[in-house]
Amino acid sequence: MITAAIIKSLQVYGIAIVVSLVVAVLIKVLVLVTARMEKRPAVEVPTGSVCPVLLGVPEEDVAALSAAIFAAIGPHRILRISQPSHGWAVGGRAAQHSSHTPGHAPGRSNR
């Protein structure tokens, strides 16, 4: 009885090993096939005129940003690099502060 259980467990382990090997080979084949399909020809780097750099923006930063954008999304033109405007942030902060001030809120009764 114990020998039959041992034989049955060895059969189950053997089947599990064979299935694992088949799945591993299948995954390896799929990885190789998809790697060959994804090989694309090298992208031609466009050459042309460089946009003027505004005062205060170092040329090294423009070069680094251009390289990062090209690496991430491909060849695109940068139209403008300038100092950020914080007008929207000031308006948002003012709206938040006015909504949190205690007192009478418009549209509510005085109860």
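Overview of results
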quantity	calculated
Qualifying residue in segment 98-105 (condition: over 30 Å from the mean Cα position of the chain (by Cα), modelled with pLDDT of 65 or more and part of a helix (DSSP H, G or I))	yes
Criterion (touching a Cys at 6+ places or on another chain (Cβ under 8 Å) and modelled with pLDDT of 65 or more) met by exactly one of R36, R80	R80
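To keep it simple, each residue is scored yes or no on (1) β-branched (V, I, T); (2) surrounded by 10 or more Cβ atoms within 10 Å (Cβ to Cβ); (3) not in a loop (DSSP other than H, G, I, E, B).
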{"site": "T3", "(1), (2), (3)": "yes, no, yes"}
{"site": "G14", "(1), (2), (3)": "no, yes, yes"}
{"site": "L21", "(1), (2), (3)": "no, yes, yes"}
{"site": "K28", "(1), (2), (3)": "no, yes, yes"}
{"site": "A35", "(1), (2), (3)": "no, no, yes"}
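The values are calculated or read from the model by the stated rules, or taken from the named source; none is laboratory data. Not measured: the values here are computed from a predicted model. Methodologically, a virtual Cβ is constructed for each residue, glycine included, from the backbone with ideal geometry; neighbour enumeration extends over all protein chains shown.
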